[in-house]
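Just below is one structure, and these are the notes that go with it.
The values are calculated or read from the model by the stated rules, or taken from the named source; none is laboratory data. Quick caveat, the model's predicted, so the values are computed rather than measured. Cβ coordinates were reconstructed from backbone atoms using ideal geometry, including for glycine residues, and neighbour counts include every protein chain displayed.
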Amino acid sequence: MGATRQCVWLIIFSLLLHLAGYLMLFKKMEPFLYFFYLTSWWSYIFFIDALVAIKTKRLLILNRHLPFLIIVSCGFWCIFEIMNIGLKNWFYINLPAEVYYRYTGYFFAYGTVIPAIYITKTFSQPLFEKIKTKPFRIKHYPFYSISLGIMFLFLICLFPDHLFPLTWIFLALILDGCNYQRLHLVYEGLYGWKPR
């Protein structure tokens, strides 16, 4: 009962935070108007985390691991920011002039990426579990996935004006291939068999 009550308060807080973001943007309240992205995404993360916690009885994002998760997420997004130095595909507007506000905003904005993906995946997973699919196996999948990811990376560098959308795919292919290979090694080491 106590955990459920905590989740209800978190849902109320997330909704108020979301509305406050719109209010501060509408009223042009400095420096808060610059942080609309933060209020939008963190309120979403809090809201979905609370909904999931009502069922699971534990918060997946708002726990003692949150600072580490923010740092990892920030580092992950910086990979794309470094690539964008050459691509010049996106830029940010309405940034605060004060360096402290700007870089604090960057840190907590980039820190939403992995938490938002993870909590959305967890929340939506029961919906996709109802879809029946037949598993299939690709022989030497890690080799093909990692190779294709690296090839996409080179193509982005060679033709940035035309192939910049591959920026959002290349890293997923590389990481998926690495994770698939790692899973096979773990299963072989622990159980002596390969997952299908």
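Brief remarks follow.
- Residue within region 69-83 that is in contact with a Pro (Cβ under 8 Å, 6 or more places away or on another chain), small (Gly, Ala, Ser), part of a helix (DSSP H, G or I) and closer than 17 Å to ALA172 by Cα present: yes
- Filter pass, THR112 being more than 27 Å from LYS88 (Cα to Cα) and in the same structural domain as ILE93 (by TED's automatic domain parsing): no
- Among the residues of region 110-164, those that are exposed (fewer than 10 other Cβ atoms within 10 Å of the Cβ) and among the aromatic types (Phe, Trp, Tyr) comprise PHE128, PHE136.
- For region 98-109, the tally of residues that are surrounded by fewer than 18 Cβ atoms within 10 Å (Cβ to Cβ) and under 17 Å from SER73 (Cα atoms) stands at 5.
- Of the listed requirements (1) surrounded by fewer than 14 Cβ atoms within 10 Å (Cβ to Cβ); (2) without any contact (Cβ under 8 Å) to a residue 40 or more places away in the chain; (3) under 21 Å from the mean Cα position of the chain (by Cα), LYS28 misses just one: (3).
- Flag if LEU69 is surrounded by fewer than 14 Cβ atoms within 10 Å (Cβ to Cβ) and assigned by TED's automatic domain parsing to the domain that holds THR120: no
- Selected residue (only one of LEU19, LEU15, LEU59 is in contact with a helix residue (DSSP H, G or I) (Cβ under 6 Å, 6 or more places away or on another chain) and not aromatic (Phe, Trp, Tyr)): LEU59
- Tallying residues that are buried (at least 16 other Cβ atoms within 10 Å of the Cβ) and within 20 Å of GLY111 (Cβ to Cβ) within region 1-19 yields 4.
- For region 107-119, filtering for residues that are assigned to a helix (DSSP H, G or I), closer than 17 Å to ASN63 by Cα and of a type in the set (Ser, Thr, Tyr) leaves 1.
- Listed by first and then second residue, the pairs linking a residue in region 40-60 that is in the same structural domain as THR122 (by TED's automatic domain parsing) and in a helix (DSSP H, G or I) to a residue that is surrounded by 18 or more Cβ atoms within 10 Å (Cβ to Cβ) and of a type in the set (Ser, Thr, Tyr), with Cβ atoms under 6 Å apart and 6 or more places separating them unless they lie on different chains, are TRP41/THR112; SER43/SER14; PHE46/SER14; PHE47/SER14.
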